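My questions all concern the structure below.
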Amino acid sequence: MTGVLLTGLTLFLLEVVRESEPTHAGTERVDDSHGRNKLVHLTSRWAFLLVNDSLPFSGAKSFCRGQFSSLLSLDQSEDQSEVQEEPLELLRQTGLRSPVWLKDPTRAASKPVAFSKQHLQLSALNFPRESSEGFARVNMSLPVLPSISMCVRIQWDPEWNEVSTIFSYAAPVFTNEFQLRGQVDMQGRILLALIIHGKHLPYKASFPNDGGWHHICVTWRRSSNHWAIYVDGDMKDTGSDTDTSRDIYGDGILILGQDQDSFGGNFTEPFFGNITDLNVWNMSLETRHVRGLNSCSPITHKMLFSWNLELISSNSVVKEVQALLFCPGKHQQMELQGCRTLQLGSDQQPHVGLTDCSALLPFICRSSRERYLRLKQMSESQSSEPSAFMSHLIKLSNRSQPVPGQQPSVLNNLAQASVLLNISAQALEDTQQEGLQPADMVSLIQLLSLTADVPSQAENSSQENIPELSQNFISVADNVISEGNALKWKAIKEVVNGPMDVVRSIDRMVTRLTPHMMAETDHLTINSPNIKLEVQQQRLQEGSKTSSFCGPETEKHSTLDCISVPRQKIQDLHNNGFYKLTLVNTWYGSLRPLFEPEENITMVPTVTDGSQRYLGTVLGSSVISTTVLGDDQPVSMAVHFQLQHRVQNSVGTVHDPVCAFWDFDLTPEAGGWWNTKGCEVVSKHYGYTVCYCNHTTNFALLLQVYEAKRSPENEKALQVLTFIGCGVSLCGLLFTFILFIAVGVPKSDRTTVHKNLIVALGIAELLLMCSDWASENEAACFLVTALLHLFFMASFSWMLVEGLLLWSKVVSVNISEDRRMKLYYVIGWGLPVLIVGVTLVISVDKYKADDHCWLSVKTDTIWAFVGPVIFVLAVNAVVLCRVVMVTVSSAHRRAKMLSPSSASKMQTFDLTWAVTRPVLILLPVLGLTWLCGVLVHLSVVVAYVFIALNSFQGLYIFLVYAVYNSEVRNAIKRIKEKRKALSFTNCSQPASFLPSQRAPISSWSHSPPTPSSPETSETSGPTSSTSTSLVIKNESFRKDSFVSFSLRQTSGNQVVQLTGFKPSERT
């Protein structure tokens, strides 16, 4: 029998909607392998599933929830004709005449409604919120009462949240003789409390603050001091703890809608809403009487007062209105409650009624079309090719046993749930390496939901299985919400609302089973890798204490996630008459990665002073929850909790924590959403935040993400300094370029590289000066960004060429100069164009930053600049090291061959410095500048450092490439020598001397020795102390052309050596 049960339950997980349902609009009848009939009706938006497998109302709701849908409701407030008309059309097509279950959207989901429905119109009194002076007095005199029952129907104003008095009876000798009060709690329920002989009983009985009519009865009898409060036919609170054993005084005044602080006056605590059907009996009604009254059945025995407006006088602000009530059988007393149904009559028109909730009826589940089709697709895939988990589950369920003829649609008892959870947990452990597939997760989420709906009245044979069931339930849930399943949650997001569905199942399971779980213990803890569940129970007494609940330590020396109920709130429970307290605490450590990070949580930003730009809100902590049960009934209560921040500040952003909770009633079709109502931040600390919320539920920290913005003063200063700094740098570059042209530096590949580097950097600086103005126009800013990227990239490319040129001159000379320059142009200009072009094609939408004209640092686009820059710096660093090694080595060899004097060592140093100086100086200058440039958004200090370094770039290049460049200095020196020679020639000749055109004119001049530059020191010999120069002006040459000879004495001989050369035409 066990094998049969396992097989049937396992097949239930496999078969969701795998039969051949239609995928197009229309209706189709399907017979499954177990003989059940299903009809699926698809519209453009919805899928309606008619299930002929008759179930009670609670089973129908559970089945639909297990299909990730909801029981059909016909909410007239919905502006959706499909939702209202298509189910009726489905019933007409099938010819189904029996009623189907219908969810009543006007009442709480878990609350049944009364039996058959009929209309009853009654006169009612309206107490408007515009005035607090409204009251009504019952004009009758009550006798001394040893017992009393008062029943009334009220409609509470949903917008009123203060304490109100529904009725008050005051005697001449005692004002607070008998009174019914109500107040709204943080969960939106209206709590009721009695005052008898002046003693205020606890607020326990409740009904939803839904704006509907509710029937309330209160009873009391002196003989046992027993009292009770009934709401809509159910006993909600009872006790026998009144202090005084006496009759209720007679000859009092009964007031509706006000509290009497004095006999018949001094009204306080007004009621707002509608009151009707007040009745008073001189006896204590039993439960069956109250249920009959709730069904509008009259009880005349021992009645003291029956509702009659002629016997009531009221204040002028109180108006008479008509109330349309739906009452079950006015002329017969009903012992059972009922649930809403929908039935097609003989006229094919819908009739809404009420039926015994335990009756077995068909029902209709409604879901979105996309969800239904996705669930069908996953089920077909699982059926055709079962996953490793599902195959092992079937194996464990003993498939060799006969397959039952009727598989269950719900789990009817804890034994079934325990068996299936047990084999599921075992299958998960055995297939841990293979992991879960999306379809497996859907099946397990269905199992958890069905288990949570198992009736809480556990049979005796299942009592001992409850601890094991709870452990397996948490184990299965832990596997489903594991962080490793984040991608699979994305795959099933069209079917399952999200990971909070699992949290809700855990909440329902624990709340249902807590009385059984804690039957033999006061403390229970269930630990798993991602979930920690703790249940504490204690008897309330004076000075009761409560302990904090903390999640596990996730990191060494980190702050724990903790939650606690204030001690005073626990004491208030005791003072209000509660005798037992149960705290159910749960910690979830893996939910944050399961929420899609790109899904922004809509929330009003908390920082509104303009100092920071709001980017969005994300889940930034673990989830922690607490449920407070007073006498096994949920009680709303304030809590304190602290949660550790799980999201680190990203580059350029700051986080502001907000305390929030998951509200399942907010957008219920989507499974709920985050809400902050009733929660506030107590204190913020580095790494964690302390919060206070005035109710109990599932809590978390939401982190509002802001982009750090500079102050207007800093922005203005940075703009001005950028313009000035770029101007200074541009001037330095311009002077350097002009100097190269003006002084006639000899043409060489090194000079060409210098000029290209100066041009690229100069244009980039000019664009940077204009970038602030361009930011006002989106297209212009995009163009400036691309050009800045291009020319700054070209600057670093020519820096790379500088290194390669140095390598080719010193280390390896294996390519001709012409071919080498072509390669350099390709690297210097072609490579930047290629990088910018590819970047634009790949990420044009994420290319530019949002608020300035430069590459976006929030995306990978910035690496299109940073990556090549790092490569250039690395290559040039390697080149420098190698060049220094080669230069020093060759200089040492030459020094040993010639003379190992200190002058030779100094010459080696000069040579090394002259060769490596341009690259060695510019490499850290450009590298450090753009390191700050990339990080400029992090801090305003970095921005100022970048501007300063950028301003000196032009000056550095002017000093390195012009002032301390030997080629430029020699060119300037030659110009000076020419001017001196011309001046000497013109001054030494008579004015009448006119030489022949053929006869060259020569002049001799003495000049101090000119040291050779480091670049020519390898070919120049040692210089003498003096030299004589002969300058011959030849008229056959073009104007200003000279042939110069220098006379030098060779060492050891008095021989004059003549060397002639013709200066370059550029001079």
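The values are calculated or read from the model by the stated rules, or taken from the named source; none is laboratory data. In this text the structure is predicted, and so the values were computed from the model without any measurement. All Cβ positions, even for glycine, are placed from backbone atoms using ideal geometry, and neighbour counts span all protein chains on display. Accessible surface areas use protein heavy atoms only, side chains included; no ligands, DNA or RNA. Shrake-Rupley method; radii C 1.70, N 1.55, O 1.52, S 1.80 Å.
Quickly run through the stretch 420-434 and pick out the residues that are outside any helix (DSSP H, G or I) and touching a helix residue (DSSP H, G or I) at 6+ places or on another chain (Cβ under 7 Å). Show your work before the answer.
Just the residues of the stretch 420-434 that are outside any helix (DSSP H, G or I), to begin with: 431-434.
THR431, GLU434 - these are the residues of the stretch 420-434 that are outside any helix (DSSP H, G or I) and touching a helix residue (DSSP H, G or I) at 6+ places or on another chain (Cβ under 7 Å).
If you go through the stretch 890-909 one residue at a time, do you hit one that is open to solvent by 50 Å² or more (accessible area, probe 1.4 Å) and modelled with pLDDT of 80 or more?
Scanning the stretch 890-909 turns up no residue that is open to solvent by 50 Å² or more (accessible area, probe 1.4 Å) and modelled with pLDDT of 80 or more.
Here is a further query. Based on this model, can you work out whether VAL403 counts as over 23 Å from ARG65 (Cβ atoms), aliphatic (A, V, I, L, M), out of contact with any strand residue (DSSP E or B) (no Cβ under 6 Å at 6 or more places or on another chain) and modelled with pLDDT under 85?
Considered against the rule, which asks whether it is over 23 Å from ARG65 (Cβ atoms), aliphatic (A, V, I, L, M), out of contact with any strand residue (DSSP E or B) (no Cβ under 6 Å at 6 or more places or on another chain) and modelled with pLDDT under 85, VAL403 comes out as yes.
Then there is this: How about the stretch 841-882: which of its residues are of a type outside the set (A, V, I, L, M, F, W, C) and within 30 Å of LEU805 (Cβ to Cβ)?
Filtering the stretch 841-882 for residues of a type outside the set (A, V, I, L, M, F, W, C) gives 843, 845-848, 850-852, 856, 858-861, 867-868, 876, 882.
The answer is GLY867, PRO868, ASN876, ARG882.
Ok, one more. Of the residues that sit in the stretch 687-698 and are within 20 Å of the chain's Cα centre (by Cα) and not in a strand (DSSP E or B), which one is surrounded by the most Cβ atoms within 10 Å (Cβ to Cβ)?
Just the residues of the stretch 687-698 that are within 20 Å of the chain's Cα centre (by Cα), to begin with: 687-691, 697-698.
Those left that are additionally not in a strand (DSSP E or B): 687, 697.
Values: GLY687: 12, THR697: 20.
Selected residue: THR697.
For ARG189, state whether it is within 25 Å of HIS695 (Cα to Cα), of a type in the set (Lys, Arg) and in contact (Cβ under 8 Å) with a residue 40 or more places away in the chain. Give the derivation first.
Working: within 25 Å of HIS695 (Cα to Cα): yes; of a type in the set (Lys, Arg): yes; in contact (Cβ under 8 Å) with a residue 40 or more places away in the chain: yes.
Judged against the criteria, ARG189 is a match.
For the stretch 135-188, give me the residue count where each residue is hydrophobic (A, V, I, L, M, F, W, C), assigned to a loop (DSSP other than H, G, I, E, B) and at pLDDT 90 or above. Explain how you work it out, then say what you get.
Filtering the stretch 135-188 for residues hydrophobic (A, V, I, L, M, F, W, C) gives 135-136, 138, 140, 142, 144-145, 148, 150-152, 154, 156, 160, 163, 166-167, 170-171, 173-174, 178, 180, 184, 186.
With the extra rule that they be assigned to a loop (DSSP other than H, G, I, E, B), the set shrinks to 135, 140, 142, 144, 160, 163, 173, 186.
Within this subset, residues satisfying the condition of being at pLDDT 90 or above are 135, 144, 163.
The total comes to 3.
When the stretch 260-313 is examined, which residues are found to be among the β-branched types (Val, Ile, Thr) and more than 18 Å from ASN139 (Cα to Cα)? Step through it out loud before you land on a result.
Pass one, the stretch 260-313, residues among the β-branched types (Val, Ile, Thr): 268, 275-276, 280, 287, 290, 299-300, 312.
Hits for the stretch 260-313 are THR268, THR287, VAL290, ILE299, THR300.
Okay, residues lined up against (1) modelled with pLDDT of 50 or more; (2) under 34 Å from the mean Cα position of the chain (by Cα); (3) closer than 22 Å to ARG291 by Cβ; (4) open to solvent by 40 Å² or more (accessible area, probe 1.4 Å):
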residue: GLU78; (1), (2), (3), (4): no, yes, no, yes
residue: GLU86; (1), (2), (3), (4): yes, no, no, yes
residue: LEU90; (1), (2), (3), (4): yes, no, no, no
residue: LYS103; (1), (2), (3), (4): yes, yes, no, yes
residue: ARG107; (1), (2), (3), (4): yes, yes, yes, yes
residue: PRO112; (1), (2), (3), (4): no, no, yes, yes
residue: SER116; (1), (2), (3), (4): no, no, yes, no
residue: SER123; (1), (2), (3), (4): yes, no, no, no
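For the subset of the stretch 525-563 comprising residues that are hydrophobic (A, V, I, L, M, F, W, C) and touching an Asp or Glu at 6+ places or on another chain (Cβ under 7 Å), which member is nearest to SER636 (Cα to Cα)? Lay out the reasoning, then the answer.
Going through the stretch 525-563, the residues hydrophobic (A, V, I, L, M, F, W, C) turn out to be 526, 531, 533, 535, 540, 549-550, 560, 562-563.
Narrowing further to those that are touching an Asp or Glu at 6+ places or on another chain (Cβ under 7 Å): 531, 549-550, 560.
On the way: ILE531: 23, PHE549: 18, CYS550: 20, LEU560: 24 Å.
Top of the filtered list is PHE549.
If I ask for residues that are part of a strand (DSSP E or B), of a type outside the set (D, E, K, R) and open to solvent by 20 Å² or more (accessible area, probe 1.4 Å), which ones from the stretch 40-54 would you list? Write out each step before concluding.
Of all residues in the stretch 40-54, those part of a strand (DSSP E or B) come to 40-42, 46-54.
Now restrict to residues that are of a type outside the set (D, E, K, R): 40-42, 46-52, 54.
Answer for the stretch 40-54, where residues must be part of a strand (DSSP E or B), of a type outside the set (D, E, K, R) and open to solvent by 20 Å² or more (accessible area, probe 1.4 Å): TRP46, ASN52, SER54.
Kindly indicate whether any position in the stretch 194-204 is touching a strand residue (DSSP E or B) at 6+ places or on another chain (Cβ under 9 Å) and either within 17 Å of GLY273 (Cα to Cα) or aromatic (Phe, Trp, Tyr) (or both). Steps first, answer last, please.
Step one: list which residues in the stretch 194-204 are touching a strand residue (DSSP E or B) at 6+ places or on another chain (Cβ under 9 Å), which gives 194-204.
Now narrow it down to the ones that are either within 17 Å of GLY273 (Cα to Cα) or aromatic (Phe, Trp, Tyr) (or both): 203.
Among the residues of the stretch 194-204, at least one is touching a strand residue (DSSP E or B) at 6+ places or on another chain (Cβ under 9 Å) and either within 17 Å of GLY273 (Cα to Cα) or aromatic (Phe, Trp, Tyr) (or both), which makes the answer yes.
Which members of the stretch 739-774 meet the condition of being modelled with pLDDT of 80 or more, open to solvent by 10 Å² or more (accessible area, probe 1.4 Å) and over 46 Å from the mean Cα position of the chain (by Cα)?
THR752, LYS755, ASN756, VAL759
Take THR626 and decide whether it is surrounded by fewer than 16 Cβ atoms within 10 Å (Cβ to Cβ) and either at pLDDT 90 or above or among the hydroxyl-bearing types (Ser, Thr, Tyr) (or both).
Values: surrounded by fewer than 16 Cβ atoms within 10 Å (Cβ to Cβ): no; either at pLDDT 90 or above or among the hydroxyl-bearing types (Ser, Thr, Tyr) (or both): yes.
Answer is no for this residue.
When residues of the stretch 492-512 are filtered for being without any contact (Cβ under 8 Å) to a residue 60 or more places away in the chain and under 16 Å from PRO634 (Cα atoms), how many remain?
Qualifying residue count for the region: 1.
Given LEU293, LEU311, LEU254, which one is modelled with pLDDT of 90 or more, open to solvent by less than 60 Å² (accessible area, probe 1.4 Å) and out of contact with any helix residue (DSSP H, G or I) (no Cβ under 8 Å at 6 or more places or on another chain)? Spell out how you get there, then give the answer.
Working: LEU293 fails: modelled with pLDDT of 90 or more; LEU311 fails: open to solvent by less than 60 Å² (accessible area, probe 1.4 Å).
Going through LEU293, LEU311, LEU254 in turn, the sole match is LEU254.
Just give me the residues in the stretch 141-166 being touching a residue at least 40 places away in the same chain (Cβ under 8 Å) and open to solvent by 50 Å² or more (accessible area, probe 1.4 Å), in sequence order. Spell out how you get there, then give the answer.
Within the stretch 141-166, the first condition is being touching a residue at least 40 places away in the same chain (Cβ under 8 Å), and the residues that meet it are 141-158, 160, 162-166.
Across the stretch 141-166, the qualifying residues are SER141, PRO143, VAL144, PRO146, PRO158, TRP160, GLU162.
Within the stretch 821-829, identify whether any single residue is modelled with pLDDT of 70 or more, in contact with a Ser or Thr (Cβ under 7 Å, 6 or more places away or on another chain) and under 29 Å from GLU776 (Cα atoms), and answer yes or no.
First, pick out the residues of the stretch 821-829 that are modelled with pLDDT of 70 or more: 821-829.
Going one step further and asking which of them are in contact with a Ser or Thr (Cβ under 7 Å, 6 or more places away or on another chain), we end up with 821, 827-828.
With under 29 Å from GLU776 (Cα atoms) added as a condition, the list becomes none.
No; the residues of the stretch 821-829 include none that is modelled with pLDDT of 70 or more, in contact with a Ser or Thr (Cβ under 7 Å, 6 or more places away or on another chain) and under 29 Å from GLU776 (Cα atoms).
Across the stretch 144-193, what is the total count of residues that are of a type in the set (S, T, N, Q) and on the phi > 0 side of the Ramachandran plot?
Looking only at the stretch 144-193, we keep the residues that are of a type in the set (S, T, N, Q), and these are 147, 149, 155, 161, 164-165, 168, 175-176, 179, 183, 187.
Those still in the list that are on the phi > 0 side of the Ramachandran plot too: none.
Selection size over the stretch 144-193: 0.
Sticking with this structure for a sec: When you scan the stretch 226-285 for strands (runs of 3 or more DSSP E) that lie fully inside it, which ones turn up with 3 or more residues that are in contact with a strand residue (DSSP E or B) (Cβ under 6 Å, 6 or more places away or on another chain), closer than 25 Å to TRP160 by Cβ and not acidic (Asp, Glu)? Show your work before the answer.
Values: elements: 226-231, 234-239, 253-256, 259-262, 265-268, 273-281.
It comes to 226-231, 253-256, 273-281.
Which condition does ALA708 not pass, out of (1) at pLDDT 80 or above; (2) farther than 30 Å from LYS976 by Cα; (3) hydrophobic (A, V, I, L, M, F, W, C); (4) open to solvent by less than 60 Å² (accessible area, probe 1.4 Å), if it passes all the others?
(1)
Given GLN538, GLN568, which one is assigned to a strand (DSSP E or B) and either within 26 Å of PRO467 (Cβ to Cβ) or at pLDDT 85 or above (or both)?
Details: GLN568 fails: assigned to a strand (DSSP E or B).
Of GLN538, GLN568, the one residue that is assigned to a strand (DSSP E or B) and either within 26 Å of PRO467 (Cβ to Cβ) or at pLDDT 85 or above (or both) is GLN538.
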